[in-house]
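Chemist: Just passing along the structure, written as C-alpha cells.
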Amino acid sequence: VFTYSGLIFGFCKKGEIDRAFKLRDEMLTKNVEPNIVTYNALIDGLCKSGDIVKARQLFEAILDKGLPNGVTYTIMINGYCKSMNVAEAFRLYGEMLSRGILPDSFVYGALIDGCCKEGNLEKAQDLFQEMVQRGFASIHSYNTLISGYCKCGKLKEANQLLEDMIKKQIAPNHVTYSTVIHWHSMEGNMEVANQLFSEMQERNLIPNAITYTSLIQGHSRKGHVAEAFALFEEMVAKGIEPD
RNA sequence: CACGGCAGCAU
C-alpha cells in the first residue's frame, strides 16, 4: 500500500491522473487494498486537474465505505472553493462536522480562502475569529485573509492584520510581505511598498522573484525605470532567477 | 513511514 500510494501521489502531483488510476487498478488486481491516503491522493489529483465532478464521484464511492477523513473533506472543500462553488464547500463542511470530524486549521484556511475569493469578507472574518478562538491561528490563515482584504481593495485593513499578527507573536513570512507589497505596488504606493520591503529584510526574510517582480512592476508603472532596473540588478546579484 | 489550506504574472 505504501509503495503504490507513494507512486500514485507522485503521478497525481505531476497531473498524470490516468497513470495514477492505472496503478490503482493494478493494486486492485493484486489484492492490495487502497487506503484513505491512496484515495486522498487520487481525489486531490482530480480536483487540481479541474475535474471536480469525478473527484466527487470517487468521494461518494468511498463515503459508502465510511472512509473519508478530515484530509479528504479538506481536499474536496478546497476543490469546490477553487472552482467558485463555495456553497457546496460549506455543505460538505456541514456534513463533515455532522460526521464528528473536528475542523482544523487546514479546513478553516480553505474555507476562508473561498469566502475571500467570493468577496465575502464578513464571513471570512467570522470564520477567522472562530478559528482563532479554537487556537488555530496560523500564518497561512493570516496570509489568506490578508490576501482577501487586498483583493477587495482594503489595504488599510490588510496592514492592520499584519500588525495584528506581529502583536500576537505570529511572525509574518515572505508570502505575507509579498502579498502586501504586490498590492501596494499596484496602487502606486511605492513608498509604502519600499517600506514593507525594508521591513521584511529587517526580519531576515528573503525576498524572492515574486517579491522583486511586484516592486519592479510598481516602479515601472510610475515611470521610475531607474529604480526598477536597480532592483532587477539587485535580484540578479543575489542569485534570484528572474522569470 | 506516505495525503490536505496562503502571494505576483501566466494575452
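Chemist: Every residue in region A:28-41 that is crowded, with 19+ Cβ neighbours inside 10 Å and not small (Gly, Ala, Ser), please.
Modeler: Once the filter is applied, which keeps residues that are crowded, with 19+ Cβ neighbours inside 10 Å and not small (Gly, Ala, Ser), region A:28-41 yields A:Pro34, A:Thr38, A:Tyr39, A:Asn40.
Chemist: In the list A:His224, A:His219, which residue meets the criterion of being touching a residue at least 24 places away in the same chain (Cβ under 8 Å) and either within 14 Å of RNA strand B (Cβ to nearest atom) or closer than 27 Å to A:Phe136 by Cβ (or both)?
Modeler: Going through A:His224, A:His219 in turn, the sole match is A:His219.
Here's the yes/no breakdown for (1) more than 11 Å from RNA strand B (Cβ to nearest atom); (2) surrounded by fewer than 17 Cβ atoms within 10 Å (Cβ to Cβ); (3) modelled with pLDDT of 95 or more; (4) under 20 Å from A:Tyr142 (Cβ atoms):
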position: A:Glu60; (1), (2), (3), (4): yes, yes, yes, no
position: A:Val71; (1), (2), (3), (4): no, no, yes, no
position: A:Ile77; (1), (2), (3), (4): no, no, yes, yes
position: A:Ile112; (1), (2), (3), (4): no, no, no, yes
position: A:Lys117; (1), (2), (3), (4): no, no, no, yes
position: A:Leu121; (1), (2), (3), (4): yes, no, no, yes
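Chemist: Is it the case that some residue within region A:153-172 is of a type in the set (A, V, I, L, M) and near RNA strand B (Cβ under 10 Å from one of its atoms)?
Modeler: Scanning region A:153-172, I find no residue that is of a type in the set (A, V, I, L, M) and near RNA strand B (Cβ under 10 Å from one of its atoms), so the answer is no.
Chemist: Is one or more of the residues making up region A:31-45 under 26 Å from A:Ala124 (Cα atoms), outside any helix (DSSP H, G or I) and touching a helix residue (DSSP H, G or I) at 6+ places or on another chain (Cβ under 8 Å)?
Modeler: There is no residue in region A:31-45 that is under 26 Å from A:Ala124 (Cα atoms), outside any helix (DSSP H, G or I) and touching a helix residue (DSSP H, G or I) at 6+ places or on another chain (Cβ under 8 Å).
Chemist: Criterion first (of a type in the set (D, E, K, R) and in a loop (DSSP other than H, G, I, E, B)) does A:Asp243 satisfy it?
Modeler: So A:Asp243 passes the test.
Chemist: Restricting to region A:46-79, name every residue that is over 21 Å from the mean Cα position of the chain (by Cα) and outside any helix (DSSP H, G or I).
Modeler: A:Asp64, A:Lys65, A:Gly66, A:Leu67, A:Pro68
Chemist: Now, a different point. Can you go through A:Ser105, A:Ser49 and tell me which one is within 30 Å of A:Tyr149 (Cα to Cα), surrounded by fewer than 19 Cβ atoms within 10 Å (Cβ to Cβ), more than 12 Å from RNA strand B (Cβ to nearest atom) and modelled with pLDDT under 95?
Modeler: Result of the check over A:Ser105, A:Ser49: A:Ser49.
The values are calculated or read from the model by the stated rules, or taken from the named source; none is laboratory data. It should be emphasised that the depicted structure is a prediction, and the values quoted were computed from it without experimental measurement. As a convention, Cβ positions derive from the backbone with ideal geometry for all residues, glycine included, and neighbour counts pool all protein chains shown.
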